[in-house]
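The values are calculated or read from the model by the stated rules, or taken from the named source; none is laboratory data. A quick note: this is a predicted structure, and the numbers were derived from the prediction, not measured. Backbone-built Cβ (ideal geometry, glycine too); neighbour counts: all protein chains shown.
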């Protein structure tokens, strides 16, 4: 067997052996404090968790009730907030993270004692009954219709909360950077005044270059 034929046969045998190796999927429970996995193709827990923590934390801290001195007038009651939903305008499909972002923000609002939250079930029922999309509530007549339906359900709301996820992409050859922005917008239903809070994270995606296969073309004996 000449050298060229031997090398070709050896290379083919190696490829066949690799093709015969089967990858096994496995999982493990991540320990408290262990870092989140980093998504290689799109945003994941490593991106959404910090965005929710920062944006929600800063919005709540800005509206936290002031400490009232002994004997002074008590502060006004907490506003009742209606969290409408999460709008995804980023370059990626976020799948099941959309509902998780909603639940995380809603839970933080409920536990903060800064606002009184309205159950999502009441919110969904109100939107379905009025046949309105969340973005249509900014029309005065639509907002009045929605708040009236919520009142019929026993939910006297003071403000609407919207969450919006956007992104911006900067490319450098096959590598790219994506800037994720989570914006929370709080709208007073009585006077239309609003407050806004945002958080951003930049993430780099890198294209790995595959290893070059040894070419046998043109090999001499």
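All but one of (1) at pLDDT below 90; (2) farther than 23 Å from residue 62 by Cβ; (3) surrounded by 16 or more Cβ atoms within 10 Å (Cβ to Cβ) hold for residue 176; state the number of the condition that does not hold.
(3)
Name the residues in region 43-62 that are surrounded by fewer than 16 Cβ atoms within 10 Å (Cβ to Cβ) and either under 13 Å from residue 179 (Cα atoms) or at pLDDT below 90 (or both), would you?
45, 46, 61, 62, listed by residue number.
Within region 143-183, how many residues turn out to be within 28 Å of the chain's Cα centre (by Cα) and outside any strand (DSSP E or B)?
Filtering region 143-183 down to residues within 28 Å of the chain's Cα centre (by Cα) leaves 143, 146-147, 150, 155, 157-183.
Narrowing the set further to residues that are outside any strand (DSSP E or B) leaves 143, 146-147, 150, 155, 157-158, 173-174.
The total comes to 9.
Residue 194 fails exactly one of the following numbered conditions: (1) under 26 Å from the mean Cα position of the chain (by Cα); (2) modelled with pLDDT under 90; (3) exposed (fewer than 12 other Cβ atoms within 10 Å of the Cβ). What is the number of that condition?
Failing condition for residue 194: (3).
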